[in-house]
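Participant: Got a structure for you, written out below as structure tokens; questions coming shortly.
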Amino acid sequence: MPESKQLLTEVKLQAKDPVFQQITTFQHRSQLDSLAGYLASEDPNQRYLAARALASHNSPQLLDSLNGLLNDPLVKLRALAAYAIGQQGNPASVSDLIAGYRQRDTMSVNNAGNAAILEAIGKIGTVKEGQNLALAKGYRDTDTLLIEGQMKCFFQLSNRGITAPEMTTKALATLRNPVFSKQARLYAAHYFARARQLDISAIKFQLAEAMVKEDDPNIKMALVTALKHTDDEEIKSVLKEQLNLRQDYRVTCNLIRTMTSYDPAGMDSIMIAALRSDNQHIAMAASEYIGQKANPNTVSVFRNVAKDSIPWTLRSQLLGSVLKVLPYYYTKTKNATRWQLTQALSKEENIHGQAAYLRALGNDPENYNYIMDYINASEEPVVKTAGMDALGSILAHKDFNFVYQGVGRSNRKRILNYFQEQLLEGDEGVVGSIGNTIANPMAELTELIDSIQFLKVAKERLELPGMIESVHAIEKAIAAYRGITPVLTQAQQFKNINWAVLDKYADNIDAIVKTTKGSFAIQLKPLDAPISVINFIELSASNYFDDKIFHRVVPNFVVQTGSPRGDNYGGAGELITSELGPLQYDDEGYVGMASAGPHTESTQWFVTHSPTPHLDGKYTIFGKVTSGMEIVHQLQVGDRILDVIISDL
């Protein structure tokens, strides 16, 4: 008798499997047509890997094949197919997703696939689909995955600027009902938090009540942010009471940010207390608030805090915020604040501190001559990039034309001429910063440009693929001059995948990151993001990360590191591609690859402070912090990596 084939009925990936590596290599090289055969394979592992590869690429030629996987016998394959279809961003696929939804499922065996379909509809659907889903009948409270899929659909729509009263009502009911899973309630809360404009006038007190009663900090953070959609004085009182509580610092950071939607009366003492908090994230959030809402007549009380013994990270941002909030005619206070900043800058030995003070000075148009002189006297790339950023802020400042009444154009022209001189040096950070400024319509530079030849020359001098972020900035500047939509260069060369790296390790790989604040452990995810994991291991083994600073820290968002220059520019000269599988940023501690757009990753990576679902499907997740998260929460700009050690768990 002929030998019968064994039917595979589950997905079980192995990173050392040659077919796993071949499909991933096709993905990395953008050889998408080579994936077609795998989509029809009898082996579910191959179908899964091929569909996941397409989730990272725009592949309209294979959309029909993905649609076919919505009828795959395995629920996990159907779910992944729905995810990959949502990633394509094609609104025409909504009908295919709806057709793939399996009704009459009394045993709930299809819920995972159906939930993924609902979320995918949120990525490409319209308000009509959201309304229909909100009004749909037949969902049971025990249909956990379906309720989660429904809320993720609403969140994805909201994240795209689409809301509707029906969705709002359903999301509110879900987050207020403790019978539903934390995951469902988290995404319901983020529906409100991510909405750009949302009328909550009829439900503001219900949202506030839910926020006060919520004991899960992840959900509470989002509910706090949701209250940005009102400026009601009673709600303000509730938020002020919350600010007086000792609670998770991340909630406090969101409370401070949300208060920017409210009248600032009575907030000075609260913000002074926040500035003097033992938690620097809270202090930094308070300094941001001052730059948006402080009363110019009482802003001197905050300047006094800057005289305390505080870190340069806080002092620079605080004084910069004071400058930012002061009208151009507050000459005396502006001069005093400028003096504080220049004195602090003259005494600062840390180049990252110098960069921070320069950016702070960028909040006052009268500082541009001082900034240019400082740039000219420095040899540090970090300082030069920061100085260019500061000049960009000055050009875009709302008071620039008031400060230079009658001579605003000539002063802009002088800065533009300085930019042209600096572009000749070819520094990628300087070039990137200048390109971004010229592309910014608030800077009002394009009308002063006679010829873009200097931009073309600057672009030609940049090396690809390593300097692609700066190339994109110049391309945006050229497009702004021409009044057209920029067409950005796509990377054509990528780092080769050294699969032999994984041979040294078991399936579970741990990275210990030693920093100046302490150590934290990352469990790497070679099955989910093998390209990024191999890249990270190679960089760690070569000691690349040693002495790299955490150059970007956003309170209750991320800490970021891996820039060879320490100014957010640069990498190792080679790029890797994005790996945008179905993992989600639904908790703190996810480790993702920073990028300047799809397939521009290199050496920079970040760790999240809290759930950041708006990053889902946009930034590669290649690890998760498993211990030492308290260290991550302490990291600030200027802290350094001492070593990264890779080992088997």
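Participant: So which trypsin sites (Lys or Arg not before Pro) in the stretch 579-649 are both in a DSSP loop and have at most 15 other Cβ atoms within 10 Å of their Cβ?
Facilitator: LYS618
Participant: Then there is this: Where does the stretch 293-355 land on Rg/Rh, using Cα atoms and the Kirkwood Rh?
Facilitator: 0.96
Participant: A follow-up question, please. Can you send over the solvent-accessible area of THR230, 1.4 Å probe, protein chains only, in Å² to the nearest 10?
Facilitator: Roll a 1.4 Å probe over it and THR230 shows about 20 Å².
Participant: Tell me the net charge near SER433. Cut-off is 10 Å between Cβ atoms, SER433 excluded, with +1 for each Lys or Arg and -1 for each Asp or Glu.
Facilitator: Spelling it out: positives minus negatives among the neighbours equals -3.
Participant: Now, a different point. Rounded, prolate or oblate, given the Cα gyration tensor of the stretch 98-245, with a/c below 1.5 counting as rounded?
Facilitator: Taking the square roots of the gyration eigenvalues as a ≥ b ≥ c, the stretch 98-245 is prolate.
Participant: Among residues other than GLY161 whose Cβ falls under 11 Å from its Cβ, what is the net charge (Lys/Arg +1, Asp/Glu -1)?
Facilitator: Taking every Cβ under 11 Å from that of GLY161, the sum is +3.
Participant: Can you compute the modelled spin-label distance between ASP587 and LEU135, with each label point 7 Å from Cα toward Cβ, in nm?
Facilitator: 3.8 nm
Participant: Same structure, new question: Would you kindly state how much longer the chain becomes between VAL75 and GLN492 on full extension, computed as 0.36 nm times their sequence separation minus their alpha carbon distance, in nm to one decimal?
Facilitator: Once the chain is fully extended between VAL75 and GLN492, it gains 146.6 nm.
Participant: Skip the ligands, DNA and RNA, and give the accessible area per residue of the stretch 95-231 with a 1.4 Å probe, whole Å².
Facilitator: Using a 1.4 Å probe on heavy atoms only, each residue of the stretch 95-231 averages 44 Å².
Participant: Would you be so kind as to identify which of LEU243, ASN498, LEU580 lies farthest towards the positive end of the dipole of the chain, taking Lys and Arg as +1 and Asp and Glu as -1 on Cβ and the Cα centre as origin?
Facilitator: The one lying farthest along the dipole's positive direction is LEU243.
Participant: At 0.36 nm per residue, minus the direct Cα-Cα distance, what do LYS182 and ASP278 gain on full extension? Give it in nm, one decimal, please.
Facilitator: 31.5 nm
Participant: Once R0 is set to 22 Å, what does the formula 1/(1 + (r/R0)^6) return for the Cβ-Cβ distance between SER300 and ASN350, expressed as a FRET efficiency to the nearest 0.05?
Facilitator: 0.20
Participant: So for the stretch 430-560, what are the equivalent ellipsoid semi-axes in whole Å, largest first, each being the square root of 5 times an eigenvalue of the Cα gyration tensor?
Facilitator: 39, 19, 13
Participant: Given a 1.4 Å probe and heavy atoms of the protein chains only, how would you sort GLU601, GLU447, largest accessible area at the top?
Facilitator: GLU447, GLU601
Participant: Determine which residues of the stretch 187-209 fall in the zone a paramagnetic label at GLU234 would reach in this model, i.e. backbone nitrogen under 17 Å from the point 7 Å along Cα→Cβ.
Facilitator: Within reach of a label on GLU234, which here means backbone N under 17 Å from a point 7 Å along Cα→Cβ, the stretch 187-209 contributes 200-209.
Participant: Just to confirm the number: angle between the C-alpha axis of helix 280-293 and the first principal axis of the chain, 0 to 90 degrees, nearest 10?
Facilitator: Between helix and principal axis, roughly 70 degrees.
Participant: Of LYS324/LYS624; LYS293/LYS347; LYS128/LYS170, which sit over 26 Å apart, Cα to Cα?
Facilitator: LYS324/LYS624; LYS293/LYS347
Participant: Name the residue from GLN453, LEU198, GLN150 whose Cα lies farthest towards the positive end of the charge dipole of the chain, charges +1 on Cβ of Lys and Arg and -1 on Cβ of Asp and Glu.
Facilitator: Ranked along the dipole, the leading option is LEU198.
Participant: Another question, then. Expressed in nm², what is the orientationally averaged projection area of the convex hull enclosing the Cα positions of the chain?
Facilitator: Approximately 30.7 nm², given one-decimal rounding.
Participant: Determine the dipole magnitude for the chain: charges of +1 sit on the beta-carbon of Lys and Arg, -1 on that of Asp and Glu, nothing else is charged, the reference point is the Cα centre, and the result goes in debye to the nearest 20.
Facilitator: Once rounded to the nearest 20, the dipole reads 1280 debye.
Participant: To continue, here is another question. Order ARG565, ARG409, ARG78, ARG102 by their accessible area, 1.4 angstrom probe, all chains in place, largest first.
Facilitator: Sorted descending by solvent-accessible area, the residues read ARG409, ARG102, ARG565, ARG78.
Participant: Next question, about the same structure. Keeping the other protein chains in place, figure out the carbon and sulfur percent of the accessible area of the stretch 1-137, with a 1.4 Å probe.
Facilitator: 51 percent
Participant: Further question on the same structure: Which residue, PRO44, GLY432, LEU275, has the largest displacement toward the positive end of the dipole of the chain when charges sit on each Cβ (Lys, Arg +1; Asp, Glu -1)?
Facilitator: Of the options given, the answer is LEU275.
Participant: Give me the distance between the Cα centres of the stretch 61-129 and the stretch 458-489, rounded to whole Å.
Facilitator: 37 Å
Participant: Next up: Where only protein heavy atoms count, and the probe is 1.4 Å, what is the accessible area per residue for the stretch 470-592 in Å²?
Facilitator: With the other protein chains kept in place, the stretch 470-592 gives 37 Å² per residue.
Participant: Still on this model: Relative to the compact-globule scaling 2.2 N^0.38 Å, provide the ratio for the alpha-carbon radius of gyration of the stretch 468-521.
Facilitator: 2.04
Participant: Using alpha carbons only, how many degrees (0 to 90, rounded to 10) separate the axis of helix 381-395 from the longest principal axis of the chain?
Facilitator: Between helix and principal axis, roughly 80 degrees.
Participant: For TRP499, TRP339, TRP605, what's the largest-to-smallest order of accessible area, 1.4 Å probe?
Facilitator: Largest accessible area first, the list is TRP339, TRP499, TRP605.
Participant: Can you send over the carbon and sulfur percentage of the accessible area for the stretch 180-297, probe radius 1.4 Å, protein chains only?
Facilitator: Accessible surface attributable to carbon and sulfur in the stretch 180-297 totals 44 percent.
Participant: Right, here's the next one. Estimate the FRET efficiency between VAL457 and ASP308 by the formula 1/(1 + (r/R0)^6), using the beta-carbon distance for r and 60 Å for R0, to the nearest 0.05.
Facilitator: In this case the efficiency is close to 0.80.
Participant: Just from the alpha-carbon atoms, what are the Rg and Dmax of the stretch 307-410 in angstroms?
Facilitator: Cα radius of gyration and Dmax of the stretch 307-410 are 13.1, 42 Å respectively.
Participant: Using the heavy atoms of the protein chains and a 1.4 angstrom probe, tell me the accessible area per residue for the stretch 339-379 in square angstrom.
Facilitator: For the stretch 339-379, the solvent-accessible area averages 44 Å² per residue.
Participant: Here is a follow-up. On the accessible surface of the stretch 438-544, probed at 1.4 Å, how many percent belong to carbon and sulfur atoms?
Facilitator: The C+S portion of the solvent-accessible surface of the stretch 438-544 is 47 percent.
The values are calculated or read from the model by the stated rules, or taken from the named source; none is laboratory data. Bear in mind the structure is a predicted one, so any value in this text is a computation, not a measurement. Heads up, the Cβs are rebuilt from the backbone with ideal geometry, glycines too, and the neighbour counts pull from every protein chain shown. Accessible surface areas use protein heavy atoms only, side chains included; no ligands, DNA or RNA. Shrake-Rupley method; radii C 1.70, N 1.55, O 1.52, S 1.80 Å.
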